[in-house]
Structures are given as C-alpha cells and as structure tokens.
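All remarks here apply to the structure that follows.
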Amino acid sequence: MKLRKVTAASATVFALALTVTACGGGDSDNESSSGGGKDKITIGIKFDQPGLGQKTPQGYEGFDVDVATYVAKKLGYEENQIEWKESKSADRETMLQRGDVDFIAATYSITPERQEKVDFAGPYLLAHQDVLLRADDDEIKSPEDLNDARLCSVTGSTSAQNVKEKLAPKAQLQNYPTYSACLTGLQNGAIDALTTDDSILAGYASQSQFKGKFKLGGFKMTNENYGIGVKKGSDLKDKINKALEEMVADGSWDTAVKENFGPANYKNEPAPKIGDIKS
C-alpha cells in the first residue's frame, strides 16, 4: 500500500511538470522574446487586390502588405512571425471585434460609421473613388453617365452606395462578393462599370492579362483615407501611428508606392499626416 501511494504521488508531480511545460515553458507556442511576448501577429489583408493585397503562389504582395510588414517589424515581429488572414470588406469590423486579427490593413477607408465600431491608425494613403470601364466604352464620360448603368462593387463596400446617393441616383447597383468577380462581370458585359478606389482599379488594370482591356474614368469622386483598423480601445493604435511616421520618414513609404503602383502609372497623393482625414 505504501508503494502505491508513493507511485501515485510521483505520477501527480510528473503530470504537473508536464502541464507547466506545455502551458508556460520557455519554448511555448504563445511566448517569445520578440513581438511583445507573443510568437506571432495576425494581420488582416485582402487576398485578391493586385498592387495592394494579393495572395500568390510565392506568398503575399502589395502596398498594404508592405505597410503591414513594416509596422509588424516595428512592433517586434519578423516577417516569418506574421500570420496573414483574408479580410473581406463585409467582415472587417467583426474580425477586429472578435479578436480574429491584431490589426487590418486592407484598403480600409476611415469613416465615421466604422469609427463607432473600431479604431483606426493612420491614414497611410489617400486614394480617390473612380470607375473602371471597358477600354472601348465611349458612353460613360462623367459620374452622371452612370445613371441607368449596371454598377458593380463588393458587398460591404461604401463605393457603389456613394455613387447612387450623391452622383447617379438611377445607377443599378450590383453587389458581388469580390472585386475579381466584378472584374469578370465587366469583362463579359454583365456589368458596365466597376467602382472602388483608384488605387485598387489601377492594380487590376495593370495586370498583363488585362492590358488594353480596361481604362480608368479619372473621376476622383471621393477621398478615401486608408487606415489600419484595430480593436476599439487597443493600445496598438498609437504604436502603429508611430511606425507609420517612421515609414514615411525613412523613405520606405515612397519605395513601397513605386514598387507596387509604378507599373500602372498611378499618380498617388503625398503621404498623409497621421490624423489628417480628408473629407
């Protein structure tokens, strides 16, 4: 009986040791000497936006990806510690509120409605709403010409609604799940125009397989202030703002713009100042 008691006690000690090792040891999955005590950071981006956020066989690329990678490094994370998550327009607030991601850099325009639900660092890019048309389209020459046109944007985006409410009330809105789906519809004639930010449209139009097939309207209908979304009240906001300022100051922002938008001859606005939101 005495031997059984000793054995049971030893087994208990051994089990406790295993539990401590699994939950809080020096090589745990949740702790690291870098990255503020975590061994990874989860960042939301778009997966289907050439020039901004795109998943490719080689990895992830685009301006938003470069900005997010720079910010993550300033927060203490190397590139191999980043977990990328697809953040569709309709899902962004929910993903932040649930804690699915640490921050989102996904052509995320700062608006009063969104600021009620999440916080934003930035802005880090000023874009403008425009339309993408078929290259042979000679009928749509101004925003007013979008009346009665089949106008596509993605579910959860404000772009198409802006056009209908302010510029072309008779526009026929078509909501598709992704910009890629809108582009297919534009190519095959199911829709007449794709509307979103000029930076996004320029990325699509510059792809080799679409060369000569599409054109930008050049309307500059709105100002779109891209911010980095974080959970409401998160202390990451100030840290990200500091990183964005450093990115501009050391020239990395300009380099990212040229590398990602240069092929489309996209004429970007200068880097915005933190907190300077253009209405």
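The values are calculated or read from the model by the stated rules, or taken from the named source; none is laboratory data. Model, not experiment: these values are computed from the prediction. When we count neighbours, we look across all protein chains shown, and the Cβ atoms used for this are built from the backbone with ideal geometry, even at glycine. Note: areas computed on protein heavy atoms with side chains; ligands, DNA, RNA excluded. Shrake-Rupley method; radii C 1.70, N 1.55, O 1.52, S 1.80 Å.
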* Can you give the alpha-carbon Rg of region 181-279 over 2.2 N^0.38 Å, where N counts its residues? -> 1.31
* Rounding to the nearest 20 debye, state how big the charge dipole of region 194-254 is about its Cα centre with +1 on each Lys and Arg Cβ and -1 on each Asp and Glu Cβ. => 380
* Structure fact -> Of all DSSP beta bridges having both residues in the chain, the percent classed as antiparallel (nearest 5) is 60
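So which chymotrypsin sites (Phe, Trp or Tyr not before Pro) in region 204-279 are both in a DSSP loop and have at most 11 other Cβ atoms within 10 Å of their Cβ? Walk me through the intermediate numbers first.
Working: sites: 204, 210, 214, 219, 226, 253, 261, 266; in loops: 219, 266.
Answer in residue order: no site qualifies.
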* Structure fact -> Checking 113, 269, 165 against a Gaussian network model of the chain (alpha-carbon springs below 10 Å), the top fluctuating residue turns out to be 113
* For region 101-196, restrict the atom set to alpha-carbon positions and state the Rg and Dmax in Å. => 14.6, 45
* To do: Enumerate the aspartates and glutamates that residue 73 could reach by cross-link, defined here as Cα to Cα under 18 Å, with residues fewer than 8 away along the same chain left out.
  => 31, 39, 61, 64, 83, 102, 235, 238, 245, 246, 250, 254
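So, with +1 on the Cβ of K and R and -1 on the Cβ of D and E, and no other charges, what is the size of the charge dipole of region 58-159 about its Cα centre, to the nearest 20 debye? Intermediate results must be reported in sequence, preceding the final value.
Values: 11 positive and 22 negative charges, 86 e Å.
Dipole magnitude for region 58-159 comes out near 420 debye.
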* Asked: Which one of 124, 188, 156 is farthest out on the positive end of the charge dipole of region 120-197, using unit charges on Cβ (Lys, Arg +1; Asp, Glu -1) and the Cα centre as origin?
  -> 156
* **Debye-sum result for the chain in log10 I(q)/I(0), which assumes one identical scatterer on each alpha carbon, at q = 0.11 Å⁻¹** => -0.65
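Work out the length of the dipole vector of the chain about its Cα centre, built from +1 on the beta-carbon of each Lys and Arg and -1 on the beta-carbon of each Asp and Glu, and round it to the nearest 20 debye.
Numbers: 34 positive and 41 negative charges, 192 e Å.
Here the chain has a charge dipole of around 920 debye.
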* **Cα-only Debye scattering, region 70-143: base-10 log of I(q)/I(0) at q = 0.11, 0.13, 0.17, 0.22 Å⁻¹** => -0.44, -0.57, -0.81, -1.10
* Per residue, how many Å² of accessible area does the chain show with a 1.4 Å probe? -> 51
* Which of the lysines could be linked to residue 220 by a straight reach, that is with a Cα gap under 23 Å, when you skip same-chain ones fewer than 8 residues away? -> 46, 141, 164, 166, 170, 211, 258, 267, 273, 278
* Asked: Given 25 °C and 0.890 mPa s, how large is the Stokes-Einstein diffusion coefficient of region 156-195 in µm²/s, with Rh as the Kirkwood radius over Cα pairs?
  -> 233
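Once you keep just the Cα pairs under 8 angstrom separated by 6 or more residues, what percentage relative contact order results for the chain? The partial results should precede the final answer.
Numbers: 510 pairs, mean separation 66.9, N = 279.
In percent, rounded to a whole number, it is 24.
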* Proportion of all alpha-carbon pairs of region 187-241 beyond 19 Å (%) -> 50
